[in-house]
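What follows is a short report on a single structure.
Laboratory data are not the source of any read-out in this text; all were calculated from the coordinates shown. All figures in this text were calculated on a predicted structure; none of them were measured in a lab.
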Amino acid sequence: MLTLTSKSVVVPKGAYILGDPCYVVPNADWGALLASCNYFNEPVGSVGDFKVLAFGTKWGDGCYPDNKGNKYGVDAGLIGLGLLITLRMIVMVQPL
């Protein structure tokens, strides 16, 4: 039996990157991110100060277009947002 639930998340104003979080979270932190949100059964996960809002995709891995013709590659079955300024700090400290 399927159960429909709704959740709402307030995303603060800022510059974000949209895509599969596996492309922006270092491999060493991936397990901790997944554990922090029960493998994205809860929509917000975190590693240190870096928070990710993500949801499972309809068909798992693949390429998903938006309404403006942009395409987003997915390799972990997730699509989500990460704050760009925090991402830049992670990349400067720990290369992906």
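A few points about this structure:
- If you sort the three axes of the alpha carbon gyration tensor as a ≥ b ≥ c, you get a/c of 1.5 or more for the range 16-93 and a/b no higher than b/c, which makes it oblate.
- Close amide-amide hydrogen proximity is noted between Tyr16 and Leu84, each under 5 Å apart and 5 or more residues distant or on a separate chain (H modeled in the peptide plane; Pro and chain starts excluded).
- Counting only residues at least eight positions apart within a chain, or on another chain, the lysines with an alpha carbon under 23 Å from that of Lys7 are Lys51, Lys58.
- Annotation: amide H of Lys51 within the under-5 Å range of Leu83, sequence separation 5 or more or interchain, hydrogens built in the peptide plane.
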